[in-house]
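Following: one structure in structure tokens, then a few remarks.
The values are calculated or read from the model by the stated rules, or taken from the named source; none is laboratory data. Only a predicted model underlies this, so the values are computations on that prediction, with no experimental measurement involved. Here the Cβ positions follow ideal geometry from the backbone for every residue, glycine too, while neighbour counts run over all protein chains shown. What goes into the accessible areas is simple: the full protein's heavy atoms, side chains included, and nothing from ligands, DNA or RNA. Shrake-Rupley method; radii C 1.70, N 1.55, O 1.52, S 1.80 Å.
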Amino acid sequence: MPKRRPDHIPMRTCAICRQVRAKRSMTRLVRSADGTIAPDPTGKAPGRGTYVCDDPACREPHALAAGVQRALGAPFEAALLATEEKHAAT
Ligand SMILES: [Zn+2]
């Protein structure tokens, strides 16, 4: 693994569409020790994480819940992310 240079843009794979995108344009979801999956606005929460891009197709609740469950192995209440987005929009 090469070391990351300071100008390197971190990239992550979307759990839903599998496209690789810039990490900062994506939402991190993290599974905490008790198995709860929640959005992680800081990107620094401990636990197993996955990333979801901002494509509307990836925010569709059924696709979102299925993709996140596949990635993290626990059920995800997709409405959590929808709520988060509403707050972020204003
Ligand atoms: Zn996506």
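Being surrounded by fewer than 12 Cβ atoms within 10 Å (Cβ to Cβ), part of a loop (DSSP other than H, G, I, E, B) and at pLDDT 95 or above is a property that holds for Arg18.
For the stretch 21-51, which positions are within 13 Å of the ligand (Cβ to nearest atom), more than 20 Å from Arg70 (Cα to Cα) and open to solvent by 40 Å² or more (accessible area, probe 1.4 Å)? Ser25, the sole residue that qualifies.
Here Asp54 meets the list (1) open to solvent by 50 Å² or more (accessible area, probe 1.4 Å); (2) at pLDDT below 95; (3) over 14 Å from Leu81 (Cα atoms) almost entirely, failing just condition (3).
In the stretch 24-51, the residue that is modelled with the lowest pLDDT out of those that are hydrophobic (A, V, I, L, M, F, W, C) and out of contact with any helix residue (DSSP H, G or I) (no Cβ under 9 Å at 6 or more places or on another chain) is Ala33.
So is Ala22 under 15 Å from Met11 (Cβ atoms) and without any contact (Cβ under 8 Å) to a residue 24 or more places away in the chain or not?
Values: under 15 Å from Met11 (Cβ atoms): yes; without any contact (Cβ under 8 Å) to a residue 24 or more places away in the chain: yes.
Against the criterion (under 15 Å from Met11 (Cβ atoms) and without any contact (Cβ under 8 Å) to a residue 24 or more places away in the chain), Ala22 qualifies.
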